[in-house]
Amino acid sequence: MPDAAVATSATGLANLPKAFQVYGPEALKTALKKMHLIRRFEEGAEEQYMRGLIHGTMHLSIGQEASAVGICMPLGDADYITSTHRGHGHCIAKGADPKNMFAEFFGKETGYCRGRGGSMHIADVEKGNLGANGIVGGGLPIAVGAALAIKQQGRKDVAISFFGDGASNEGSFHESLNMAAIWKLPVVFVCENNKYGMSTSTERSMAVPNVADRAVAYNIPGVIVDGNRFSEVASAALDAIERARAGLGPTLIECKTYRTRGHSRSDRNRYRTKEEIEAWKAKDPIQQFEAELTEHGLITAEEIAAIRAAAEAEIAAAVEFAIASPAPNAADLVRDVYTV
């Protein structure tokens, strides 16, 4: 939730982005650390996969950290999120502990789903994370159901549905937006448009240039932001979540962003040029956030270095925790999977 203190700087309050006006400097530094944690978590997961310690596949969101952290900044534990197959960032942004996430990746008993979910199905209900989903668009109707429950219970909480550009072509997207709009449910739909659904570009798969253009069909706001710029994402999230809590209904936010890795570990990346990838790397969300905080006098170079070092140490400790954690007992194979 926003700090009670309002951020100030030598350049003056009026020159700060809305999110910087609402959150104090310490909250913004915490947000930066979460972005570093997400980046190093995924780089670490990639390293452990290459060492053969993580099996299956994984879908990395390296390059999309500002979207996850900016959207989740105003949320508390009573607010819900639904995530995607590319959901590690959402999980950490909502408050998950990297050590339990790594344990889940390693298939260990100390993982969030006791090793049964893996990369694509982590859930942390205590923190309001209703789970990642391997089905494209699968989290959309779940978020709508959660928002309906919130409204029926008379709560002021909200549900956030993260999804990719490919999911906006699924029927579940349109059904979910339609129902949420009709009932004015407290849900915010967040499309992380990274330009490609698997290997198919949005230019080839959509009849409109922007996912947010589709909001008009459901009479709800459609907002487009630079998904690599934390201040834009966080400011849009504040407006949309405030609207939802006030009972005014849903908002569709489109974060224009980019994954610098392939779709999954098996992606040979032949549909993208090196020039395109390098151009997006030059707009790295972490570097842009650090530069913006520095520009407004909200952080020092020494503090940035300390945040990076702290994130590095936390991820290293998390990997060691996961390696040392016990494997599940074969006798408990169906525990938490089936009910009788």
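Structure notes:
- Size of electric dipole in the chain: Cβ of Lys, Arg +1 and of Asp, Glu -1, about Cα centre, debye, nearest 20: 640
- Taking a ≥ b ≥ c as the square roots of the Cα gyration tensor eigenvalues, the stretch 262-334 comes out oblate, since a/c reaches at least 1.5 and a/b does not exceed b/c.
- Of all the options Lys156, Lys34, Lys274, the one that moves most in a Gaussian network model of the chain with Cα springs shorter than 10 angstrom is Lys274.
- Charge sum, other residues only, whose C-beta stays under 13 Å from Arg39's C-beta, Lys/Arg counted +1 and Asp/Glu -1: -2
- FRET efficiency, Val208 to Glu275 (Cβ-Cβ, R0 35 Å, nearest 0.05): 0.85
- Taking a ≥ b ≥ c as the square roots of the eigenvalues of the alpha carbon gyration tensor, the chain is rounded, as a/c is under 1.5.
- Take each peptide in 20-31, 57-68, count the other Cβ atoms within 10 Å of every residue, and average; sorted highest first, the result is 57-68, 20-31.
- Dipole magnitude (debye, nearest 20) for the stretch 182-340, charges at Cβ of Lys, Arg, Asp, Glu: 840
- Spacing of the modelled spin labels on Gln152 and Glu43, each 7 Å from Cα toward Cβ, amounts to 4.6 nm.
- Amide hydrogen neighbours beyond the local backbone of His85, cut-off 5 Å, H modeled: Asn133
- The stretch 163-290: C-alpha gyration tensor shape, a/c 1.5 cut-off, then a/b vs b/c: oblate
- Probe 1.4 Å, protein heavy atoms only - accessible area per residue of the stretch 143-200 in square angstrom: 38
- For the stretch 240-340, the residue among Tyr271, Val334, Ala246 whose Cα projects farthest onto the positive side of the dipole built from Cβ charges is Tyr271.
- For the residues Tyr80, Tyr112, Tyr49, a GNM of the chain with alpha-carbon springs under 10 Å puts the largest fluctuation on Tyr49.
- Set of lysines with alpha-carbon distance to Lys33 below 21 Å, sequence-local pairs under 8 removed: Lys18, Lys94, Lys99, Lys127, Lys281, Lys283
- Fraction of antiparallel bridges per DSSP, the chain only, in percent to nearest 5: 10
- Protection proxy ranking of 279-287, 130-138, 324-332 - average other beta-carbon atoms within 10 Å, highest first: 130-138, 279-287, 324-332
The values are calculated or read from the model by the stated rules, or taken from the named source; none is laboratory data. Bear in mind that the values here come from a model prediction, so they are computed numbers and not experimental data. Don't worry about glycine lacking a Cβ; one is built from the backbone with ideal geometry, like all the others, and counts go over all protein chains shown. Areas reflect the complete protein model, heavy atoms only, side chains present, ligands, DNA and RNA absent. Shrake-Rupley method; radii C 1.70, N 1.55, O 1.52, S 1.80 Å.
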